[in-house]
1. Of all the accessible heavy-atom surface of region 38-110, with the other protein chains kept in place and a 1.4 Å probe, what percent is carbon and sulfur?
2. With θ set to phi - 60°, apply the Karplus curve 6.51 cos²θ - 1.76 cosθ + 1.60 along region 33-40 and write out the HN-Hα couplings as whole Hz, x wherever there is a Gly or Pro.
3. Run the dipole for region 1-94 about the Cα centre, Lys and Arg Cβ at +1, Asp and Glu Cβ at -1, nothing else charged, and hand back the magnitude in debye, nearest 20.
4. At 1.4 Å probe radius, can you tell me the per residue accessible area of the chain in Å²?
5. At most 13 other Cβ atoms within 10 Å and a DSSP loop assignment: could you name the chymotrypsin sites (Phe, Trp or Tyr not before Pro) in region 39-80 that fit?
6. Sort out the exposed loop trypsin sites (Lys or Arg not before Pro) in the chain (DSSP loop, at most 15 other Cβ within 10 Å) and tell me the longest stretch that has none.
7. Taking θ = phi - 60°, what integer Hz values does the Karplus form 6.51 cos²θ - 1.76 cosθ + 1.60 yield along region 83-96, in sequence order, with x for Gly and Pro?
8. So who's got an amide H within less than 5 Å of the one on LEU53, skipping anything under 5 residues away but keeping other chains? H placed 1.01 Å off N, in plane.
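The values are calculated or read from the model by the stated rules, or taken from the named source; none is laboratory data. Quick caveat: nothing in here was measured; it's all calculated off a predicted structure. Glycine gets a Cβ as well: all are built from the backbone with ideal geometry, and neighbour counts include every protein chain shown. Note: accessible area is taken over every heavy atom of the protein model, side chains too, but ligands, DNA and RNA are not part of it. Shrake-Rupley method; radii C 1.70, N 1.55, O 1.52, S 1.80 Å.
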Amino acid sequence: NKNKIYDACKKACVYDLIMKYPNGFKTNIQDLTQKEKYLVSLARLLLMNSEILVLYEFPSYLTQKDEKNVMKVLQSFKNKKTVLIFSANDSVKNIVDISYEIKKGVLKKS
């Protein structure tokens with residue numbers, strides 16, 4: 001459903017970026033920037049029916065604004081899906097129910 005795809009892309013803040021390309025949604029994924037590819041993958045998460053989502057670290061090419069948007073999307077999954085985030089970014093702790101740290105090989109609830 002195109003409307004669901006467009007809506008997911010808008011929530012992931014990638015819709016306008018895609019529409020700047022001459023071919024819009026027919027643009028080859030290889031022509032997108034790393035940031036745009038990451039945000040497209042986030043939009044795909046919004047469309048998936050998976051009950052468990054696993055994410056690893058925010059890429060360094062995301063701006064603080066991008067990170068806030070990603071966290072907003074992740075918060076939208078609260079009480080709907082299980083989201084596992086592996087990150088050294090302490091700001092992620094603000095959106096999770098349970099946080100664990102690994103220090104010197106020991107896993108501790110933080």
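1. That fraction is 52 percent.
2. With the stated coefficients, region 33-40 comes to 6, 4, 4, 5, 4, 4, 5, 5 Hz.
3. It works out to roughly 340 debye.
4. Numbers: 8220 Å² over 110 residues.
Accessible area per residue, the chain: 75 Å².
5. Qualifying residues, ordered by number: TYR61.
6. On the way: sites that count: LYS20, LYS78, LYS80, LYS81, LYS104.
The longest uninterrupted stretch comes out as 21-77.
7. Running phi through 6.51 cos²θ - 1.76 cosθ + 1.60 with θ = phi - 60° gives 10, 9, 10, 9, 7, 9, 7, 5, 5, 5, 4, 6, 10, 9 Hz.
8. THR82, VAL83, LEU84
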